[in-house]
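Down below is the structure, laid out as structure tokens.
The values are calculated or read from the model by the stated rules, or taken from the named source; none is laboratory data. As the structure is a computational prediction, the values presented were derived from the model and not from experiment. As a convention, Cβ positions derive from the backbone with ideal geometry for all residues, glycine included, and neighbour counts pool all protein chains shown.
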Amino acid sequence: MIRLKIRKVIHPRWTSVFGVSVLSIFLSFFFIGFVFFGYGISPITAYYEIFIETVGNVYGVTQIIWQSIPLMLCGVGLLLAFKASYWNIGAEGQLLMGATAATWVALFSGIPDLFQVPMIFACGFAGGAVWGLISTVLKSQFRINEVITTLMMNYIAMNIVLYLIHGPWKGEEMRGFAYTDSFSQAASLPTIGNSYIHWPTLLLGAVLIGVVYVIVSRTKLGYEVKVIGQSPGAARYAGIPYFRTIFWVMLISGGCAGLAGAGEVSGVHHMLRHPEQVSLGYGYTAIIVAWLARGNPLVVILTSFLFGMIYVIGDVVQLSFGLPFQIINVFTGLILFFLIASESLMKYRISFEREEQ
Amino acid sequence: MGWELWVVETLRRALAYGTPLLLGTLGEIYAERAGVLNLGVEGMMILGAFVGFLTAFVTGNPWLGFLMGAAAGGAASLIHAFLSITLGVIQVVLGLALTLFGLGLSGVLGQGWEGRPLKVSLTVLSVPYLKDIPIVGKIVFTEQNILVYVGIGFALLLWFLLFRTSWGITIRSVGENPATADALGIRVSLIRYLCVILGGILAGMGGAYLSIVYRPSWTQGMTSGMGWIVIALTIFSVWHPLAALGGSYIFGSLFYLSFRLQPWLAPELLTIMPYLFTILAPMLLSVHKKLRRRMGAPAALGIPYRREEE
């Protein structure tokens, strides 16, 4: 007799993880097809156009790399936080505060030109880190859940930026517009050729992925993060100090997001402007970039590229078909639904077995 | 205006401004009491806001708008219910996905509807006789829309249901100890489904309130974090419907004040107030010892329940 057997699998093989992830992405593309259809656009035409405009030409690829820079930085930071089961949802706010700190360096600090760029990154890191660490302090002192605090800090950061660009930091040269003045040449990052890729930030992203990889796989901190993430009770029993570990985690996590913000203002906009233009929701999308990498910092390179592509798709869809940019949130939401659903299905393996009578 | 009038006016407006928060919070209290952490309130609210606006705009009937908004919220919550209860996925990430999805979908569908004012809205009314009660009459019974009373009615009803009936015991036991509830013959999944859907319906209604009464028009992302404030309010009101009433109105007054104080302070800094208060409120609570003891969340909150096979 042949019986259907369902077994619990504790560690699914990476091939099945990869396969299921790819399948989730394709499924969400499939469902988005209905949105195109609803707008009277043939999904096949739409996807053909999208393919040509994104990975189908050199310009498209440089656009994707450019968009993946902030996602890479925020993503690798969030990955570390998520590994400790610390739900930092505040990368958006940390990015904005990094951008704010960087703008301060570029416009108001008056430091010599030679040190401008290093200081922009240093202060960007610090801005993001401080903003992220507030949630850790509140959790350690008052046991307030970090999901709420990091999220609320996003809205607060957004309004601080709005206040600055409408009020004290409003530029002299920008009549009527709510921007700061433009950064000087010394405070702007170089780009590769004609593309938008501000390579110093890209390089920092690559370095930080390496750093987080080493931390996770080679250091005591990485070990403690893993234990805390998997079992806070066991960590306490083993004498691992929770808040000291989380302090380092959030310093890096917030700092990475802050660097992303510094890169955006100094490498792309050369000014501080409306928060929704400084960050196109990078901090939120990076949550999925990190989640999809499943705890492996090196995979962030791949996942940030993927979501960089989704951002470029958002542009293409907007320009070619007149659909709103918001469609990228539908993409990310759907991919996430399928991913977490498959996560639970992966825990079981279905097999047919011949049973002896 | 004398300061007494100021206070009365602020409190009166607090009821209207706090109602969407109240509706959302009541729903989230039920979902969490049954043990499901639904962080997708923002997504359900925004879908309710768009569908509610669209229905009211097309049909010219605001009540139908509320109904459809509630239905949209309920439908969105079904996604959460299926994934969290049936498949048992991680609820924090799921809630975020629902929020992103809701914000994205409403933004895509609502593209052509932005900036069109809704001509029909709810009429405000004063309750005869009751409005003549000094102070209270001026705050509660003067020029309020009916939804304010619906919100209060829901709070009382849901409080009664949760703490004074056997249904309430069932719901709470599912959230505290699902294994025991299961052993007693309670259908854990069914109860959780119902509570999550109720949460979605109320969040959708709260969203529809935003686009029909609060600001009678549609703007993408118009919930601007209210769904997240609801999550905080649920904790702040210690999962108690009557405390949610007070909490929502405190936030309502902050929202009103952030408009009212604009001549004196930069609007951006005033907008920060409710968000800042969301962080500070639990801080104040945790200082108070007696309250801290009561702050216990439902024991099985966020933990999927699965009967162990064999």
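Scanning region A:40-87 for residues that are under 18 Å from A:S304 (Cα atoms) and polar (S, T, N, Q) yields A:T54, A:T62, A:Q63, A:Q67, A:S68. Among the criteria (1) of a type in the set (A, V, I, L, M, F, W, C); (2) part of a helix (DSSP H, G or I); (3) crowded, with 24+ Cβ neighbours inside 10 Å; (4) within 14 Å of another protein chain (Cβ to nearest Cβ), the one A:V265 does not fulfil is (4).
Restricting attention to region B:148-171, does a residue exist that is touching a Ser or Thr at 6+ places or on another chain (Cβ under 8 Å), of a type in the set (S, T, Y) and away from chain A (no Cβ under 14 Å)? No, because not a single residue in region B:148-171 is touching a Ser or Thr at 6+ places or on another chain (Cβ under 8 Å), of a type in the set (S, T, Y) and away from chain A (no Cβ under 14 Å). Residue-level analysis places A:E356 outside the set of residues that are in a helix (DSSP H, G or I) and at pLDDT below 90. Of the helices (runs of 4 or more DSSP H) lying entirely inside region A:35-130, those containing at least 3 residues that are modelled with pLDDT of 95 or more and within 24 Å of the chain's Cα centre (by Cα) are A:58-83, A:91-104. Selection of helices (runs of 4 or more DSSP H) fully inside region B:226-310 by the criterion of at least 1 residues being under 21 Å from B:L22 (Cα atoms), modelled with pLDDT of 85 or more and not acidic (D, E) returns B:226-236, B:241-260, B:267-287.
The residues on offer are B:V7, B:V92, B:V41, and the sole one that is within 14 Å of chain A (Cβ to nearest Cβ) and modelled with pLDDT under 95 is B:V92. Considering only residues in region A:179-193 that are under 25 Å from the mean Cα position of the chain (by Cα) and polar (S, T, N, Q), the one that is surrounded by the fewest Cβ atoms within 10 Å (Cβ to Cβ) turns out to be A:T191.
Of B:A81, B:A97, all but one fail to be crowded, with 24+ Cβ neighbours inside 10 Å, in a helix (DSSP H, G or I), under 19 Å from the mean Cα position of the chain (by Cα) and of a type in the set (G, A, S); the exception is B:A97.
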